[in-house]
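Below you'll find the structure, written out as structure tokens, and then a few comments.
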Amino acid sequence: MSAVSEIQAVTAEAVADMRRLLAHRTRPVRIMEVCGTHTVAIFRAGLRQVLPAEIELVSGPGCPVCVTADDYIDAAIAYAEMDDVIITTFGDMLKVPGSTSSLAAAQAAGADVRIVYSPLDALTVAAEHPEKQVVFLAVGFETTAPTEAAAVCTAKERGLSNFSLLSAQKLVPPVMRALLDGGETHVDGFLLPGHASVVTGTRVFDFLAADYHIPGVVGGFQPLEILHAIHRIIRQLAEGAARIENTYASVVRPAGNPAALAMIDRVYEPAEAAWRGLGRIPASGLSMREEYAAFDMARLRPLSIAVPQEGRRGCRCGEVLRGAIVPRDCALFGRACVPEHAVGPCMVSVEGTCAAWYKYGGGRFRYGA
Ligand code: SF4
């Protein structure tokens, strides 16, 4: 049997078993992924079309750029406009709209905004420009926090006093709890994030089963790995069970990566954080410890940025991130809002749900109200 035939056979067998397990359900099963990479991988592989009609896949707050609130973007722009500041960032932040502008617009107007591929690259920029304050935009989940913490430690060791982070680091488990406590979004099972779980481990998700009786399965990113993880969720639901399983055991351990966790703990401490669409959630972010305050741009040069009202311009990203609507429910989707002229961050980021819907289907998919 060829490799393609083998994949088709495995897929057909898994889908048939899911159909059998779901045969007696009176309503569809709703599975949420909370990782932007999963969102894109699901669309790219066409898994929505392959899965039984009784399974609804919904995206949650798994795209770090998308969940970053407008006031953070506004602050980044304000710093970028300072003559002695260089902003360094991953490329996907550039076009994200703040309340009135974007870093791309600031760059076009003359601000020094540079794309880097790692916070360690930003250290190099800082070493080359001692006369400037070099700020790295630390936007991400547990996956990226260790590297950013390591960059801060390296800057301290090297005596690089002109390097700092503008941190909007966030944590996945607290936002999942907030989502469930909010009561707006019904979820029957979670496809748990493979990347973040490499750092956190699986035990941090035990509360889903213990407190909410919702199964969760950590999955890899290949189509068959995702299919396998979803199949395991369906099996648990058919059994009436709720436990946390790990189908990505080649890289994810129950206790995570102790060295990465220790690096995070060295530099950061849990703090309240603002999420687009979900508001301020206690202990859902990371702020830099007092010992590292000299590397925290928000403390070095505090700004007074008004918290913008969400939903301006008709963008419904907040609801998309809560799984309350799907992109095609937004009147701007595919019309006023397309990747080339994005109104909201969910259409800007390559991991954004609106961008994935637009790129891979334009709202043709079976799903939602
Ligand atoms: Fe916002 Fe555009 Fe998505 Fe609508 S389609 S929710 S405007 S990003």
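FYI, it's all coordinate maths here, none of it is from the lab. Fair warning: this is a prediction, and the values are worked out from it, not measured in the lab. Counting neighbours? That spans all protein chains shown, and the Cβs are built from the backbone with ideal geometry, glycine included.
Key figures
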item	result
Rounded tilt (10° steps) of 36-45 against the dominant C-alpha axis of the chain	50
Net charge over other residues, Cβ less than 15 angstrom from the Cβ of H228 (K, R count +1; D, E count -1)	-4
Calculated FRET value between V350 and S101, using beta carbons and R₀ = 25 Å, to 0.05	0.75
Within the chain, percent of DSSP bridges classed antiparallel, to nearest 5	25
Between 0 and 90°, nearest 10: helix 172-182 axis offset from the chain longest Cα axis	60
Pairs of Cα atoms farther than 39 Å apart, the chain, %	17
Unpartnered cysteines - no second Cys beta carbon under 4.7 Å - across the chain	C35, C153, C315, C330, C337
Three-way shape label, segment 194-340, alpha-carbon gyration tensor, a/c 1.5	oblate
Rounded to whole Hz, the Karplus (6.51, -1.76, 1.60) HN-Hα couplings of segment 323-338, x for glycine and proline	x, 7, 9, 10, x, 5, 6, 7, 5, 8, 4, x, 10, 6, 10, 9
Rounded to the nearest 20 debye, dipole of segment 175-295 from Cβ charges on Lys, Arg, Asp, Glu	240
Neighbour-count ranking [beta-carbon atoms within 10 angstrom, fewest first] of D206, D181	D181, D206
Ranked E157, E6, criterion: other C-beta atoms within 10 Å, fewest first	E157, E6
Cα centroid separation - segment 234-290 against segment 83-115, whole Å	29
